[in-house]
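Right, one structure below, let's go through it.
The values are calculated or read from the model by the stated rules, or taken from the named source; none is laboratory data. This one's a predicted model, so the numbers in the text were calculated from it and none came from an experiment. For neighbour counting, all protein chains shown are included, and Cβ atoms are generated from backbone atoms with ideal geometry for every residue, glycine included. Calculation scope for accessible area: heavy atoms of the full protein, side chains included, ligands and nucleic acids excluded. Shrake-Rupley method; radii C 1.70, N 1.55, O 1.52, S 1.80 Å.
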Amino acid sequence: MSVITIERKVLAKNDEIAGLNRELFRKNNIFAFNLVSSPGSGKTSILERTLEYFNGKVKVAVIEGDVQTDLDAQRIAKYNVPAVQIVTRGGCHLDAPLINDALKNIDLKSIQLLIIENVGNLVCPANYDLGETLKIVVASTTEGDDKPLKYPEMFRNASVLIINKIDLLPYVNCNIETLKHNALRINPRLIIFETSCATNAGITDWCDWIVKQIPPR
Ligand code: MG
Ligand code: ZN
């Protein structure tokens, strides 16, 4: 019983700060998304392909969440966009206060898009509002087609599903129609993109969609 109460208090505090973050994004006309997935689904690779595609034409900043290292932030550094690394030291999710601290290192007036790469985990990031405009879940074909059934909360709370590594479909045990069906059964409003960071398939559609989400100035 008391465990549940503490958890509720933590989430209430989190939601209060998330509200402040959301207000900062609104005031500065920023589209902010929270990229979530299991470890190894390709969040960082999608981010790399996205930054390549925008090639400086969209003003982007990145917040990288990682459990232990700054390896992903090093990958992002070569794209010359403002990037802030959060190392959670074992923590399995980002929360709104961590994002609020990270935002102090970003000139919000100068960006249109903020990409938050969450820690690889499909469980608790579902419950932590960071103040983002929306959550985007990545599921790769190498993970099979039952991820939405195993982690329904995340698929319910996400607005977009990116099915990544579609180039591997011939070699893996994943029926993409079953994957989509499972995801849409849990959340019929999910917008779905199919991508490959190896062949660049789907990257144009995905990036064009992002541009449409950026609020006008
Ligand atoms: Mg990563
Ligand atoms: Zn966690």
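Of note:
Rundown of residues vs (1) open to solvent by 50 Å² or more (accessible area, probe 1.4 Å); (2) within 24 Å of VAL172 (Cβ to Cβ); (3) within 13 Å of ligand 1 (Cβ to nearest atom), yes/no style:
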| residue | (1), (2), (3) |
| --- | --- |
| LEU35 | no, yes, yes |
| PRO39 | yes, yes, yes |
| LYS43 | no, yes, yes |
| ASN55 | yes, no, no |
| LYS59 | yes, no, no |
| VAL62 | no, no, yes |
| GLY65 | no, no, yes |
| LEU71 | yes, no, yes |
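- Subset of the range 126-149 that is within 16 Å of ligand 1 (Cβ to nearest atom) and among the polar types (S, T, N, Q) - its residue that is farthest from the chain's Cα centre (by Cα): THR142
- Where ILE106 falls short, out of the listed (1) within 15 Å of ligand 2 (Cβ to nearest atom); (2) part of a loop (DSSP other than H, G, I, E, B): (1)
- All positions within the range 169-191 that are open to solvent by less than 30 Å² (accessible area, probe 1.4 Å) and in contact with a strand residue (DSSP E or B) (Cβ under 6 Å, 6 or more places away or on another chain): ALA183, LEU190
- Screening the range 1-79 for helices (runs of 4 or more DSSP H) wholly inside it with 2 or more residues that are closer than 17 Å to LEU94 by Cα, in contact (Cβ under 8 Å) with a residue 60 or more places away in the chain and within 16 Å of ligand 2 (Cβ to nearest atom) returns the ranges 2-27.
- The condition of being modelled with pLDDT of 95 or more, open to solvent by less than 30 Å² (accessible area, probe 1.4 Å) and over 23 Å from LYS212 (Cα atoms) holds for LEU94.
- Residues in the range 124-157 that are open to solvent by 30 Å² or more (accessible area, probe 1.4 Å), modelled with pLDDT of 95 or more, within 16 Å of ligand 2 (Cβ to nearest atom) and part of a loop (DSSP other than H, G, I, E, B): ASP129, TYR151.
- Subset of the range 101-121 [more than 23 Å from ARG217 (Cα to Cα) and open to solvent by 10 Å² or more (accessible area, probe 1.4 Å)]: ASP101, GLY120, ASN121
- Checked against (1) more than 25 Å from ARG156 (Cβ to Cβ); (2) open to solvent by 60 Å² or more (accessible area, probe 1.4 Å), VAL10 passes all but a single condition, namely (1).
- For the range 41-60, the set of residues classified as touching a helix residue (DSSP H, G or I) at 6+ places or on another chain (Cβ under 8 Å) and over 18 Å from CYS197 (Cα atoms) consists of VAL58, LYS59, VAL60, listed by residue number.
- Filtered by the rule that a residue be open to solvent by 50 Å² or more (accessible area, probe 1.4 Å) and under 20 Å from ILE116 (Cα atoms), the range 206-217 gives ASP208, VAL211, LYS212, GLN213.
- Within the range 107-122, tally of residues that are of a type outside the set (D, E, K, R) and more than 16 Å from ligand 1 (Cβ to nearest atom): 6
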